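Just so you know, all these numbers are worked out from the coordinates, no wet-lab data involved. Bear in mind the structure is a predicted one, so any value in this text is a computation, not a measurement.
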Amino acid sequence: MTSKEAEDIAKQGYLVKQGAFIKSWKKRLFILLQEGTLYYFKDDKSTNALGRIALGPKTTITSTTEAKYPTISLHTPNRTYFLRCQDEATMREWEMAISLVLQVRRNSEVDSCFNVKR
């Protein structure tokens, strides 16, 4: 992550992510950027991201508190990511931060379609 990206952090913290193929759960440091990318790292000492989730116009977010752990589901065109939170308050914070980034991105895409400059 560049120093410019570090300036654009919308939220960061630890969540527990379910693997894509092996359905185990692993604690990861997540960093959400204002521009719409959610990076995840092994821990706060890691300099290289293990992966990234591009939050595009077709990305949706849902959450549930019915399971043992409050869980966020990020639905992208290619995959659904499941992210467990330590408590409901943390889940709501992440849900709000991701929703805000998605809303800003959608608004900027609409503006660019109509050549609106702000």
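In degrees between 0 and 90, to the nearest 10, how far off the longest principal axis of the chain does helix 88-113 point, with axes built from Cα atoms? Approximately 30 degrees, to the nearest ten. In the set [x] -0.37, -1.15; [y] -0.56, -1.10; [z] -0.42, -1.18, the label that goes with log10 I(q)/I(0) by the Debye sum over Cα atoms at q = 0.11, 0.20 Å⁻¹ computed for this structure is [x]. Averaging Cα coordinates gives a centre for region 75-90 and one for region 1-71; these two points are 8 Å apart.
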